Every structure is written in structure tokens, then in C-alpha cells.
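The values are calculated or read from the model by the stated rules, or taken from the named source; none is laboratory data. Keep in mind that this is a model prediction, so the values were computed, not measured. Methodologically, a virtual Cβ is constructed for each residue, glycine included, from the backbone with ideal geometry; neighbour enumeration extends over all protein chains shown. With ligands, DNA and RNA removed, areas are computed over all heavy atoms of the protein, side chains included. Shrake-Rupley method; radii C 1.70, N 1.55, O 1.52, S 1.80 Å.
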Amino acid sequence: MTPAETQALTLDARDALAPFRDEFLIPRHTDGSEQAYFCGNSLGLQPRATRQALLDELDDWRDLAVEAHFRGKHPWMPYHELVRENLAAVVGALPHEVVAMNSLTANLHLMMVSFYRPTRERNAILIEKSAFPSDHHAVASQIRFHGHDPATAKIELEGDEPGGAISSDAIVRALDEHGERIALVLLPGVQYLSGQAFDLRAITTAAHAKGCVVGFDLAHAVGNLPLQLHDSGCDFAVWCSYKYLNSGPGAVAGCFVHERHAQADLPRFAGWWGHDPSTRFEMGPQFTATAGADGWQLSNPPILALAPLRVSLELFRRAGMAALREKSIALTGYFESLIRSELAEVIEISTPRESERRGCQLSLRVRGPREAGRSLYDHLHANGIVVDWREPDVIRAAPTPLYNRRIDCLRFVNSVTQWATARR
Ligand SMILES: *Cc1c(COP(=O)(O)O)cnc(C)c1O
């Protein structure tokens, strides 16, 4: 064993959160060994308890059918309540500010229906230039839906730092320059491509001062960073649950609406599940919104899709976001220092260096032609090291604190060294 391996294993053995790895099913490489899985930013691994939770619901459906709405092991009628407290804790919200429903992009549209209310003078949306395509599509289509032109009404914030990160100054400058015509500021909690984390509270304060509504896309922030959504003061937020929240492909997404809008008479696209539950089953034609985020629900929730979220959030409750973040800072810091010391000639890191400006993901660029990046990516996969490739030239690697270890990071670095040596 090399000294580096001894050190990695010693640090892993001291890790108080290490037992959580055993709560997950780690996929195997073709040689039978466990993969070094760095793709929790794309699809989190399956918790062991998820299978039984799904079987429980299938059994209730088999044995109780419609009665399971009230008599199930986890009654279906109030099922979304089972995730509320833990979800609120993960994002730092009051329980009635959050709801689990739909998918991320669907929730983004529902939120924009209520919170993007363009006028002639103020109709623009500020979004980062490198935003996830779905967010660009949602924003542009909302702008068009209201009769405006994305060419002028979609204002794109460009990265102004070397790795592509967006400085606070750039955000302030954009607000100073365009604030009067911006109806909505829509920015990420953690940017999917660069891995940069944003100061939600500072953005909200600056944007509100210019009269803009503020929403956040937390796809890469939820379950990655401890969030204080309520205190940030933002108007709404949306996220998905299949990335760091480990709730399975296409999992039920989440939505936050700040308490100050809980009773507001906002325009919205309504459905019966958003109707006040005390009178919902009177089946009248008049819509009375449930106060809080629940008032944006459309349909009765998909129980089979919510069960994995319930299981996963329970793991987050047990581990605690604060402890996870502490480990995450150490783990990503270890990964970064290895890359900087061993691979400086091969790889550059575009994610900000300061731990408070990133989550667990590091975005990596291979020095040299783009083809070299693809070649490294292929080499890693052939060796059971799972990272992802994002066009045009980014390898994303996310050591997540629930199931990744130092030894995984070291395996990554050794494998890159092997690839670089063979290419010389
Ligand atoms: C993953 C991700 C999405 C995916 O949207 P879905 O509606 O869940 O398919 C959207 N936006 C961002 C920023 C993402 O990271």
C-alpha cells in the first residue's frame, strides 16, 4: 500500500459519517469491484431502504386498494405530509413553505406563472448565460407567452472570473444596469456546469432593492449545501430530487414559496390538490387555495414516486445537513488538493477555490485539445470511475459526503496519472 493510500484509508476510518455509505447500493464495475461513483450530482445512488419502501406501497395497493388512502401503512391521502418536515429542514424553510410535487421544470413554470408578471416597462428575466438548457427554454417560452421577445427580455449574466464563475460584482452591475426592467431574477443555488455556489441572501437583497422578484433553481444545491431559504428572503425556489437527494430517476421534485406569499392572491394554474383540504372533497367548482406552497399542487401525489423521497430524506435527517457539509468541505478539499498537487499539468479546476463558493462538485478541464478530455473520460469509465462529461469540455466529479470516500478520490487521481503517463 502506498503512503497516500494509507493516509486516505486512515482519514476514511476516522470519518463519523462513513457508516452512511452502507445505507447505499454501490454499483459494481465489470471486474466486480465497487465503482468510484462521482455522479451523485446527476443521479444519486439508491438507498438500500428504497426497495422495501416501494414494495410496501405495492403491498398496500394489492391488499387494501382504495382503502390504502386512509388505512395504508403510510396512508396515501396525507402522504406528501410525510416528507414535509425533512424537506423543510434540508432547504432551511418553514414546513408550509415547501411541497414535494411534479418535476423541476414543471414547477419552474408553475412558479413563473405566479411570480413572473411582466409589464411593458418591466418584463425581463435575468438568468446566467450558462444556465441549464431547460431553464433557458422555460424562461424564453414564458417571455414569449406574455408577448415579449426573449432576444431583449432574456438578460444573460456572463461569467467574469477565470474558470467561468460569476462574481458578486457582476451581479450587482447587471442589476444596476438593467434592474428597472428586470421582472424576475432566476439564478442557481449551485451552477450545474461550473459548480459555483451563490449567496442566495445577498442576491435576494440586491435584487429586491431594485424591485425584482427572485427565484432560485436549486437542482445542484439541494442536499449539497445547507440552505436557509426562508432567511434568504427569496420569493420562490424549485429543485429536483434525483441528484443529491438520491430519490431515483425522475423523482418527485420540490418547490418553495416564501411565507409572505402564503395567503397572497396570486395568479396561478390551479388543480384540485391545491384546494383547501378541509373543503376539497365537497367537490365544488370554486377554487380556494391552500395557504402556503401546498396551494400550488395540481394533482394527487404519485405515491410510488414519493416513497423513495421519504426514505432518502430520512437519511438526510439522521446525518444532518451541518455534519454533511462539514464532511463535504473536507472531502472536496482533499480531492482538490490531490488534483492540484498530483495533476496540475493535466487538469485545471474551474470551480471556485473558496469552499464557501462551491458545493461538493469540482468541474475539471483537461489541458490540451478537447479530444484529450473525452479520452480521459473514456479511460476513467473503463476503470470503474464514474464521472460525467458536459459539452463542450467539462468533466464533472462530485464526491458526495453520504457515500464517497477519500479512497475514491485517490483512485480517480491515480487513474488520471496512469492515463497521462501512457499518453506521454
Ligand atoms: C438537472 C437540472 C434540470 C433538470 O430538469 P428536470 O425538469 O428535472 O428534467 C433543470 N435545471 C437544472 C439547473 C438542472 O441542474
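Considering E314, E282, E336, E356, the condition of being out of contact with any strand residue (DSSP E or B) (no Cβ under 9 Å at 6 or more places or on another chain) and of a type in the set (D, E, K, R) is satisfied by E282 alone. Selection of the range 188-205 for residues being part of a loop (DSSP other than H, G, I, E, B) and within 15 Å of the ligand (Cβ to nearest atom) yields G189, Q191, Y192, L193, S194, G195, F198. Applying a threshold of 7 Å to beta carbon distances and a minimum spacing of six or more residues, or different chains, the list of pairs starting in the range 265-280 at a residue that is outside any loop (DSSP other than H, G, I, E, B) and ending at one that is open to solvent by 50 Å² or more (accessible area, probe 1.4 Å) reads W273/L298; W273/S299; W273/N300; G274/L298; H275/F287; H275/T288; T279/T288; R280/W272.
Checking each residue in the range 62-94 for being aromatic (F, W, Y) and surrounded by 16 or more Cβ atoms within 10 Å (Cβ to Cβ) picks out W76, Y79.
Taken over the range 110-135, residues that are in contact with a strand residue (DSSP E or B) (Cβ under 7 Å, 6 or more places away or on another chain) and open to solvent by 20 Å² or more (accessible area, probe 1.4 Å) amount to 5. If we keep just the residues of the range 206-250 that are assigned to a loop (DSSP other than H, G, I, E, B), of a type in the set (G, A, S) and more than 15 Å from the ligand (Cβ to nearest atom), which is farthest from the chain's Cα centre (by Cα)? For the range 206-250, the residue satisfying everything is G211.
Using the structure shown, decide if I339 is assigned to a helix (DSSP H, G or I), under 28 Å from S415 (Cβ atoms) and either open to solvent by less than 10 Å² (accessible area, probe 1.4 Å) or not assigned by TED's automatic domain parsing to the domain that holds E371 (or both). It is true that I339 is assigned to a helix (DSSP H, G or I), under 28 Å from S415 (Cβ atoms) and either open to solvent by less than 10 Å² (accessible area, probe 1.4 Å) or not assigned by TED's automatic domain parsing to the domain that holds E371 (or both).
Within the range 88-108, restricting attention to residues that are within 15 Å of the ligand (Cβ to nearest atom) and touching a helix residue (DSSP H, G or I) at 6+ places or on another chain (Cβ under 6 Å), the residue that is farthest from A293 (Cα to Cα) is T105.
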